[in-house]
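Here the structure is laid out as structure tokens; the discussion comes afterwards.
The values are calculated or read from the model by the stated rules, or taken from the named source; none is laboratory data. In this text the structure is predicted, and so the values were computed from the model without any measurement. Note: ideal-geometry Cβ built from the backbone for every residue, glycine included; neighbour counts use all protein chains shown.
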Amino acid sequence: MFRFLTAGESHGKGLVAVVEGVPAGLAVDEDYIARDLARRQTGYGRGARMVIEQDRAEILSGVRHGFTMGSPISFLIPNRDWQNWKQIVGVSPVEEEIEPVTRLRPGHADLAGAVKYHQDDIRPILERASARETASRVGVGAIARKLLGEFGIEIHSHTVCIGGRWAREMALVDWVRVEASPVRCADAKAERAMLATINGARDAGDSVGGVFEAVADGVPIGLGSHVHWDRRLDGRIAQAIMSINAVKGVEIGAGFAAAGLPGSEVHDIIEPDVRRHWHHATNRAGGIEGGMSNGEPIVVRAAVKPIPTLSRPLPSVDLRTGEKVEAHVERSDVCVVPAAGVIGEAMLAIVLADAILEKFGGDHIAETLRNYRAYLDAMGPKRD
């Protein structure tokens, strides 16, 4: 089982992650993890925090001389901004009174979290509910991505919509262009419209959301299972993507569009393949049928709502007094859709890494690969 835990607050000393289940013998280093952490910090519309932080994971355990040992991997991502917040979110008691945050922000975790945890100050809620935590997940996802690479699985993402400005659908996405785009969009015309939309929202003190698409290529048939609800691969992916801050909708393949089409225009015809492996004429299922991967690319889209912290705040209520106030303003972004795509890659990688290890097992990566190759050898059509 590939599993992980994260800890840490937005303005605390740092973010910590513990990863369990990675086989021994996998090459892992801090530079590899740093590449994905840097990608998460990019994207037009990000706020000042991304200028302050230069995220880098320091591996604390589980790796020796560049290779995993089979024991839990842990790493720390220091928060550089911690120096400015020691008194406000420090661990030790302080004598002076710290000004509480009591003006609730619509759309954030403030109200529900304060009521649930019996807080009269929103600070403890917003610190952990912050999307800063996703830096830890991207670090974990980089380890998962490294594992998947051993099996020829690649994961990418791109922005398909920001603020109602949609990119045109492409049969083949230019991933190099995506990484060079300030909004991580393959469509140059749509990119210009997205940039203008973000600028307009910034000028208005507002924020904008959108949609990203994550794609996993090279996934073999048979990950996940149909036999129980919690083993279905699409369900596991949907939960992982839905857990990303600000994501309010997830679809796989044709998704909601399939609901309005006849079955003859939805289901993917199965065709013979000269390589003896199975092939579909289309991929409207998004690579998953019956809760299992079907050998086609896994395609996931997520709807990202606009960030709830606005520089021109909405009307709200004070947590302590119940009086009408303007919502609290915490330093924030105008648009996070490009970065959310990188986080989506990480969560997709984590689910697929778990599914790969579930299917092929092994305490050392060489053992897992042997099991995988034997499975591929037996995958073709059953002939007499």
TODO: Quickly run through the range 173-213 and pick out the residues that are of a type in the set (Val, Ile, Thr) and either free of Cβ contacts under 8 Å to residues at least 60 places away in the same chain or not in a loop (DSSP other than H, G, I, E, B) (or both).
DONE: 173, 176, 178, 197, 198, 211
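Would you kindly identify the helices (runs of 4 or more DSSP H) lying entirely within the range 57-172 that contain at least 3 residues that are of a type outside the set (A, V, I, L, M, F, W, C) and under 20 Å from the mean Cα position of the chain (by Cα)? Give the steps one after another, and end with the answer.
On the way: elements: 86-89, 110-116, 123-129, 134-149.
Hits in the range 57-172: 134-149.
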TODO: Please go through the range 238-279 and pick out each residue that is buried (at least 16 other Cβ atoms within 10 Å of the Cβ), among the aliphatic types (A, V, I, L, M) and in a loop (DSSP other than H, G, I, E, B).
DONE: 244, 246, 254, 266
Task: Looking only at the range 173-193, and only at residues there that are more than 21 Å from the chain's Cα centre (by Cα) and not small (Gly, Ala, Ser), the one that is surrounded by the most Cβ atoms within 10 Å (Cβ to Cβ) - done: 187
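Of the residues 340, 327, which single one is among the small types (Gly, Ala, Ser), closer than 28 Å to residue 124 by Cβ and at pLDDT below 95? Lay out the reasoning, then the answer.
On the way: 340 fails: at pLDDT below 95.
Unique residue meeting the criteria: 327.
Would you pick out the residues in the range 101-142 that are closer than 30 Å to residue 173 by Cβ and out of contact with any helix residue (DSSP H, G or I) (no Cβ under 7 Å at 6 or more places or on another chain)? Spell out the reasoning first.
Step one: list which residues in the range 101-142 are closer than 30 Å to residue 173 by Cβ, which gives 131-142.
Listed by number, the residues that qualify are 131, 132, 133, 136.
Counting only residues that are touching a Lys or Arg at 6+ places or on another chain (Cβ under 9 Å) and either modelled with pLDDT of 90 or more or of a type in the set (A, V, I, L, M, F, W, C) (or both), which one in the range 87-97 is surrounded by the most Cβ atoms within 10 Å (Cβ to Cβ)? Before the answer, list the steps.
If we filter the range 87-97 for residues that are touching a Lys or Arg at 6+ places or on another chain (Cβ under 9 Å), which is where we start, we get 88-91.
Then keep just the ones that are either modelled with pLDDT of 90 or more or of a type in the set (A, V, I, L, M, F, W, C) (or both); that gives 88-89, 91.
Details: 88: 13, 89: 17, 91: 7.
Once the filter is applied, the top-ranked residue is 89.
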Open item on the list: Give all pairs with beta carbons closer than 9 Å in which a residue from the range 350-366 that is at positive phi meets a residue that is β-branched (Val, Ile, Thr) and part of a helix (DSSP H, G or I); count only pairs at least 6 apart in sequence or on separate chains.
Closed with: 361/368; 362/368
TODO: For residue 316, indicate whether it is crowded, with 16+ Cβ neighbours inside 10 Å, among the hydroxyl-bearing types (Ser, Thr, Tyr) and either over 29 Å from the mean Cα position of the chain (by Cα) or at pLDDT below 95 (or both).
DONE: yes
Open item on the list: What are the pairs with Cβ atoms under 7 angstrom where one residue, in the range 110-136, is farther than 29 Å from residue 350 by Cα and the other, located anywhere, is basic (Lys, Arg) and surrounded by 18 or more Cβ atoms within 10 Å (Cβ to Cβ)? Sequence gap at least six, or different chains.
Closed with: none
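Within the bounds of the range 355-366, is there any residue that is under 18 Å from the mean Cα position of the chain (by Cα), within 25 Å of residue 3 (Cβ to Cβ), part of a helix (DSSP H, G or I) and of a type in the set (A, V, I, L, M, F, W, C)?
Among the residues of the range 355-366, at least one is under 18 Å from the mean Cα position of the chain (by Cα), within 25 Å of residue 3 (Cβ to Cβ), part of a helix (DSSP H, G or I) and of a type in the set (A, V, I, L, M, F, W, C), which makes the answer yes.
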TODO: Can you confirm whether the range 321-335 contains a residue that is in contact with a strand residue (DSSP E or B) (Cβ under 9 Å, 6 or more places away or on another chain) and small (Gly, Ala, Ser)?
DONE: yes
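Quick test for you: out of 301, 312, 284, 320, pick the one residue that is among the basic types (Lys, Arg) and part of a strand (DSSP E or B). It would help to see each step written out before you state the result.
Values: 312 fails: part of a strand (DSSP E or B); 284 fails: part of a strand (DSSP E or B); 320 fails: part of a strand (DSSP E or B).
Criteria check complete, one pass: 301.
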Task: Filter result (within 27 Å of residue 210 (Cα to Cα) and either out of contact with any helix residue (DSSP H, G or I) (no Cβ under 9 Å at 6 or more places or on another chain) or of a type in the set (Asp, Glu) (or both)) within the range 288-298 - done: 289, 296, 297
